[in-house]
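So the structure is just underneath, and the comments pick up after that.
The values are calculated or read from the model by the stated rules, or taken from the named source; none is laboratory data. Please read all numbers here as calculations on a predicted model, not as lab measurements. Quick reminder, even Gly has a Cβ in these numbers, built from the backbone with ideal geometry, and neighbours come from all protein chains shown. Surface areas here come from the heavy atoms of the whole protein model, side chains and all, with no ligands, DNA or RNA. Shrake-Rupley method; radii C 1.70, N 1.55, O 1.52, S 1.80 Å.
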Amino acid sequence: MAADERDYNLTEEQKAIKAKYPPLNKKYEYLDHTADVQLHAWGDTLEEAFEQCVMSMFGYMTDIETVEPVDTVEVEAEGHDMLSLLFHFLDEWLYKFSANDFFIPREVKVLYIDRVQFKIRSIGWGEEFSLSKHPQGTEVKAITYSAMQICEDEQPEVFVIIDI
């Protein structure tokens, strides 16, 4: 299923918010997986592929184009290799949504990836999720290591299965 095929049946108010901002450049898609969903994201750089992976996760929960960039949140993560770094990066962003702030980004920018120390720093622009403002998609319960891949052969791309 392509990134733009999720139908959220937007209200007129949600459509108006969406129309206020330029459309997002989505470089991701959702692949069918038994009982879960696989995120496939890509970019011109590995940083962009990681950014797109976060946005695909949030795009599964709501139409991210209805999110306004009114707040800023920073997320840092570390791992013991690149796969664990990707896992912890996504898990930290999911925590920002699930645990306390209900923060949902419209855009995420990776400031740097340290491939030696396996650290990442990012910033996101968005707002607090509100059912009255944002259409409800599918809740993401957890990130998994199952079939996780980072490919950098030609165009950087990542594959991550999320538990829904």
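Checked against the criterion of being open to solvent by less than 30 Å² (accessible area, probe 1.4 Å) and hydroxyl-bearing (Ser, Thr, Tyr), the candidates 122, 132, 146 yield just one match: 122. In region 94-114, the residues that are within 15 Å of residue 70 (Cβ to Cβ) form Cβ pairs under 6 Å with partners that are in a strand (DSSP E or B) and open to solvent by 30 Å² or more (accessible area, probe 1.4 Å), at six or more places apart or across chains, as follows: 102/128; 106/125; 107/125.
Residue count for region 78-89 satisfying the condition of being aliphatic (A, V, I, L, M) and either open to solvent by less than 10 Å² (accessible area, probe 1.4 Å) or at pLDDT below 95 (or both): 2. Exactly one residue among 47, 65 is open to solvent by 40 Å² or more (accessible area, probe 1.4 Å) and at negative phi, and that residue is 47. What are the pairs with Cβ atoms under 8 angstrom where one residue, in region 10-28, is closer than 26 Å to residue 158 by Cβ and the other, located anywhere, is acidic (Asp, Glu)? Sequence gap at least six, or different chains. Qualifying pairs under 8 Å: 21/65; 21/68; 23/65; 24/65; 24/107; 26/4; 27/48. Do we find that residue 159 is open to solvent by 20 Å² or more (accessible area, probe 1.4 Å), among the hydrophobic types (A, V, I, L, M, F, W, C), more than 21 Å from residue 23 (Cβ to Cβ) and touching a His at 6+ places or on another chain (Cβ under 6 Å) in this structure? So residue 159 fits the description; yes.
Those residues that are among the hydrophobic types (A, V, I, L, M, F, W, C) and part of a loop (DSSP other than H, G, I, E, B), I need them from region 123-164; list them, please.
Of region 123-164, the ones among the hydrophobic types (A, V, I, L, M, F, W, C) are 123, 125, 129, 131, 140, 142-143, 147-148, 150-151, 158-162, 164.
The answer is 129, 131, 140, 147, 148, 164.
Screening residue 27 on (1) buried (at least 19 other Cβ atoms within 10 Å of the Cβ); (2) at pLDDT 95 or above; (3) not acidic (Asp, Glu) shows it passes everything except condition (2).
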